[in-house]
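*Asks:* The structure under discussion is supplied below as structure tokens; questions concerning it will follow.
The values are calculated or read from the model by the stated rules, or taken from the named source; none is laboratory data. Owing to the predicted nature of the structure, the values given are computational and were not obtained by experimental measurement. As a convention, Cβ positions derive from the backbone with ideal geometry for all residues, glycine included, and neighbour counts pool all protein chains shown. Side chains included, ligands, DNA and RNA excluded: accessible areas come from the protein's heavy atoms. Shrake-Rupley method; radii C 1.70, N 1.55, O 1.52, S 1.80 Å.
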Amino acid sequence: MRGLSETRSGGTSAAASNAAADGSPRRRRLEPDERRAQILACAIDMFGERPYAAVSTAELAQRAGVARGLINHYFGNKRDLYLAVVRRMVTLPKLDAMVAPVGTDRERVEASVHWLLDTIGEHGSTWVKVTSHEGVGDDPEVQQILDEADDAAAERTLVMVGLADSAHTAELRAMVRAYGGLVKVAGREWITRGNLTREQVHELLADMLFTLVTQTMPKVDSRR
């Protein structure tokens, strides 16, 4: 038994050495959903590290430890994979899984901005690239995904600050979408340029959102 154990151990070591020698991770059998998630996670990292044109599916397959054909199987071509990355970056948690903050207007705003920056910071540089079109350029399908995400984020923000039931939701949502432009620029200054800290970005966004909630948005109702 001791000899058999040593043989197996030696075989395992040899396989590990071979995997290390060619620089690729050892492959292991995963369920389809797990494998797809693994490929997507690697793609998120790579598209955050370099421009779209500099990412190859061959290198991605090597990093993910899968055959290149599996990328095509799960995602199609590189552009389809990039679209999946964009969707992942801008997909918010389900509304029923989110607890809306309570308290004063300021407390709701502070909690909302904290949640927002946590969401942005999860995949920092990749989020900045996809929301600022640093990928496939002016692509209509990418723009559609981003527009739908902006709408969803605006609706979610109104829920979190307690204004989702306003009679003028469409106008308030438009104001939040405009505020979203500031969020994207501030995120870039924090994550990729390093000109602002997270704390400074939080203060900036919280002050602006608080002004929207307490001064600008109430004027919409008062004019009707």
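*Asks:* Taking Ala178 and the conditions (1) under 18 Å from Met217 (Cα atoms); (2) open to solvent by less than 40 Å² (accessible area, probe 1.4 Å), which numbered condition does it fall short on, given that it satisfies the others?
*Replies:* (2)
*Asks:* To continue, here is another question. For Leu196, work out the one condition from (1) within 19 Å of Thr91 (Cα to Cα); (2) assigned to a loop (DSSP other than H, G, I, E, B); (3) at pLDDT 95 or above it doesn't fulfil.
*Replies:* Leu196 satisfies every listed condition except (1).
*Asks:* All but one of (1) farther than 26 Å from Gly121 by Cβ; (2) open to solvent by 40 Å² or more (accessible area, probe 1.4 Å); (3) in a helix (DSSP H, G or I) hold for Met217; which doesn't?
*Replies:* (2)
*Asks:* Can you pull out every residue in the stretch 140-160 that is surrounded by fewer than 18 Cβ atoms within 10 Å (Cβ to Cβ) and more than 14 Å from Val90 (Cβ to Cβ)?
*Replies:* Pro140, Val159
*Asks:* Would you please name the residue that is modelled with the lowest pLDDT, looking only at residues in the stretch 87-114 that are assigned to a loop (DSSP other than H, G, I, E, B) and open to solvent by 60 Å² or more (accessible area, probe 1.4 Å)?
*Replies:* Out of the qualifying residues, it is Lys94.
For (1) within 14 Å of His123 (Cβ to Cβ); (2) assigned to a helix (DSSP H, G or I); (3) open to solvent by 60 Å² or more (accessible area, probe 1.4 Å); (4) without any contact (Cβ under 8 Å) to a residue 60 or more places away in the chain, each residue gets a yes or a no:
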residue: Arg35; (1), (2), (3), (4): no, yes, no, yes
residue: Ala41; (1), (2), (3), (4): yes, yes, no, yes
residue: Ile44; (1), (2), (3), (4): yes, yes, no, no
residue: Gly48; (1), (2), (3), (4): yes, yes, no, no
residue: Leu60; (1), (2), (3), (4): no, yes, no, yes
residue: Arg63; (1), (2), (3), (4): no, yes, yes, yes
residue: Gly69; (1), (2), (3), (4): no, yes, no, yes
residue: Asn72; (1), (2), (3), (4): no, yes, yes, yes
residue: Val85; (1), (2), (3), (4): yes, yes, no, yes
